1. Can you tell me which of (1) closer than 28 Å to residue 280 by Cα; (2) buried (at least 24 other Cβ atoms within 10 Å of the Cβ); (3) touching a helix residue (DSSP H, G or I) at 6+ places or on another chain (Cβ under 7 Å) is the one residue 231 doesn't meet?
2. Take the residues of region 256-272 that are in contact with a helix residue (DSSP H, G or I) (Cβ under 7 Å, 6 or more places away or on another chain) and modelled with pLDDT of 95 or more: which is farthest from residue 291 (Cα to Cα)?
3. Among the residues of region 187-196, is any out of contact with any strand residue (DSSP E or B) (no Cβ under 8 Å at 6 or more places or on another chain), assigned to a helix (DSSP H, G or I), over 21 Å from residue 131 (Cα atoms) and modelled with pLDDT of 95 or more?
4. Go through region 72-129 and report how many residues are touching a residue at least 60 places away in the same chain (Cβ under 8 Å), under 13 Å from residue 11 (Cβ atoms) and not in a helix (DSSP H, G or I).
5. Checking the condition touching a strand residue (DSSP E or B) at 6+ places or on another chain (Cβ under 8 Å) and surrounded by fewer than 21 Cβ atoms within 10 Å (Cβ to Cβ), which residue from 259, 281, 270 passes?
6. Hey, among the residues in region 53-65 that are assigned to a helix (DSSP H, G or I) and more than 25 Å from the chain's Cα centre (by Cα), which one's surrounded by the most Cβ atoms within 10 Å (Cβ to Cβ)?
7. Can you name the residue in region 2-36 that is assigned to a loop (DSSP other than H, G, I, E, B) and more than 18 Å from residue 299 (Cα to Cα) and is also farthest from the chain's Cα centre (by Cα) among such residues?
8. Considering each residue of region 73-95, count those that are touching a helix residue (DSSP H, G or I) at 6+ places or on another chain (Cβ under 7 Å) and crowded, with 24+ Cβ neighbours inside 10 Å, and give that number.
């Protein structure tokens, strides 16, 4: 069995998670460490956690799949578009395999999330899958026939950095994004966006978890912020349906737990689709917070050679 063990790593802003899966998808070992605040420290932490997992399952030298924010530029090879800013401008795609001394496939973390859900999660059996992760930021990805679609420029599905469609008075002024542009979806549909809306509507500054709790208690400001959140996400999905018309949309990340989110968004999508018909299932991720790391482990199931750093 050991030669077919799949090893995946999910590099997040606050934690690094590694997992070893059996050929049947059973978890053999899983562990987490805090994400260091430096580039060199992060590479060293990934190396240490990979070796710890291998010791636990009794096998060494496994190919590794890595899910991480951002992607390598097809032009320069340098890492770009990561909200883990210390990765940008580095040779992460070559430095990490060198440090691990083994084959490594590196893929955008949102792509790993969608791949996991398309393979054996909530979107299993569907050919065209679009997915988003809702949390500190807004990630997105596309899977066609069980394989990640990265695109010629390796930016396919980057939903967080398209402009909010059809902005209204409630969306102005357009907030400046860390990417340098204004009005990006990520500034609205994210934990930070929810916090900003609630503060503007209620005058109270609390974190996203407290807003979710207040929503459950019937707080009026929380309800208004939630309604804005749903409408903006529906606008995004309306554009996605008009562009690629996916079979299903999968939603994950910490904010996917907002009560009633998928039902509300699904009901709003048709008003933002050309022709007014936008019937598409919007479902919660089956694997929850493990989708990203499971998708990373699945990168070596694909023999296309894609997913390399």
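1. Only one criterion in (1) closer than 28 Å to residue 280 by Cα; (2) buried (at least 24 other Cβ atoms within 10 Å of the Cβ); (3) touching a helix residue (DSSP H, G or I) at 6+ places or on another chain (Cβ under 7 Å) is unmet by residue 231, namely (2).
2. Among those that are in contact with a helix residue (DSSP H, G or I) (Cβ under 7 Å, 6 or more places away or on another chain) and modelled with pLDDT of 95 or more, it is 272.
3. yes
4. 5
5. 281
6. For region 53-65, the residue satisfying everything is 54.
7. Ranking the candidates gives 36 first.
8. Result for region 73-95: 1.
The values are calculated or read from the model by the stated rules, or taken from the named source; none is laboratory data. Worth saying up front: this structure is predicted, and the values here are computed from it rather than measured. Note that we place each Cβ from the backbone using ideal geometry, even for glycine, and neighbour counts take in every protein chain shown.
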